[in-house]
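Asker: Dumping the structure here so I can ask a few things about it.
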Amino acid sequence: MQRILCKSKIHRATVTDTQLNYQGSLTVDTELLKKADILPYEQVQVVNINNGSRAETYILAGKPGSGEICVNGALARWAQKGDLIIIISYGLYDPNECSNFKPLVVQVDQNNHPIANINIEKPV
């Protein structure tokens, strides 16, 4: 049996733009993607802190160092510029990989530039 675990996330990113007339997805600064170990076209769950809702989409690579977080397509109706979001990537893991596993968390500042990489501690 495999388990689905939170592999990595970009925590409290600010939506910089929305583009309704686009085919869909979430465009994210390439440097943030690298820090969070998220690949272009990878499936992600996005949590909107402002309205408490969750959505599923895939990632497109944005301009490196730009701080870009652009919500595209139909998902553009789900968020507004300035909303805070969490971008979560999941992975499938064998049981022997789970006991010491800790996801990678990239925290960002108000301009979506990385301020820290942390590991989530296992609950007691």
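Asker: Got a sec? Which of ALA13, ALA36 is among the aliphatic types (A, V, I, L, M) and touching a Lys or Arg at 6+ places or on another chain (Cβ under 9 Å)?
Answerer: ALA36
Asker: Out of the stretch 55-72, which residues are surrounded by 13 or more Cβ atoms within 10 Å (Cβ to Cβ) and within 20 Å of LEU20 (Cβ to Cβ)?
Answerer: Selection gives ALA55, THR57, TYR58, ILE59, LEU60, GLY62, GLU68, ILE69, CYS70, VAL71, ASN72.
Asker: Quickly run through the stretch 16-35 and pick out the residues that are touching a Pro at 6+ places or on another chain (Cβ under 9 Å) and either surrounded by fewer than 16 Cβ atoms within 10 Å (Cβ to Cβ) or assigned to a loop (DSSP other than H, G, I, E, B) (or both).
Answerer: Matches in the stretch 16-35: LYS34 only.
Asker: Also: Just the residues that are within 19 Å of LEU104 (Cα to Cα) and either within 11 Å of the chain's Cα centre (by Cα) or outside any loop (DSSP other than H, G, I, E, B) (or both), please, taken from the stretch 36-51.
Answerer: Answer for the stretch 36-51, where residues must be within 19 Å of LEU104 (Cα to Cα) and either within 11 Å of the chain's Cα centre (by Cα) or outside any loop (DSSP other than H, G, I, E, B) (or both): ALA36, ASP37, ILE38, LEU39, GLU42, GLN43, VAL44, GLN45, VAL46, VAL47.
Asker: Still on this model: Hey, can you tell me all the residues within the stretch 27-69 that are on the phi > 0 side of the Ramachandran plot and touching a helix residue (DSSP H, G or I) at 6+ places or on another chain (Cβ under 7 Å)?
Answerer: Once the filter is applied, which keeps residues that are on the phi > 0 side of the Ramachandran plot and touching a helix residue (DSSP H, G or I) at 6+ places or on another chain (Cβ under 7 Å), the stretch 27-69 yields only GLY65.
Asker: What single numbered condition from (1) at pLDDT 95 or above; (2) at positive phi fails to hold for GLY24?
Answerer: Looking at each condition in turn, GLY24 falls short on (1).
Asker: Residues ALA76, ALA55, ALA61: which one is under 28 Å from GLN2 (Cα atoms) and of a type in the set (Gly, Ala, Ser)?
Answerer: ALA55
Asker: Kindly provide the set of residues from the stretch 102-124 that are modelled with pLDDT of 90 or more and either polar (S, T, N, Q) or more than 27 Å from GLY52 (Cβ to Cβ) (or both), ordered by number.
Answerer: Those that are modelled with pLDDT of 90 or more and either polar (S, T, N, Q) or more than 27 Å from GLY52 (Cβ to Cβ) (or both): GLN107, GLN110, ASN111, ASN112.
Asker: Where residues in the stretch 73-113 are small (Gly, Ala, Ser) and not in a helix (DSSP H, G or I), which of them is surrounded by the fewest Cβ atoms within 10 Å (Cβ to Cβ)?
Answerer: SER99
The values are calculated or read from the model by the stated rules, or taken from the named source; none is laboratory data. All of these numbers come straight from a predicted model, not from anything done at the bench. Heads up, the Cβs are rebuilt from the backbone with ideal geometry, glycines too, and the neighbour counts pull from every protein chain shown.
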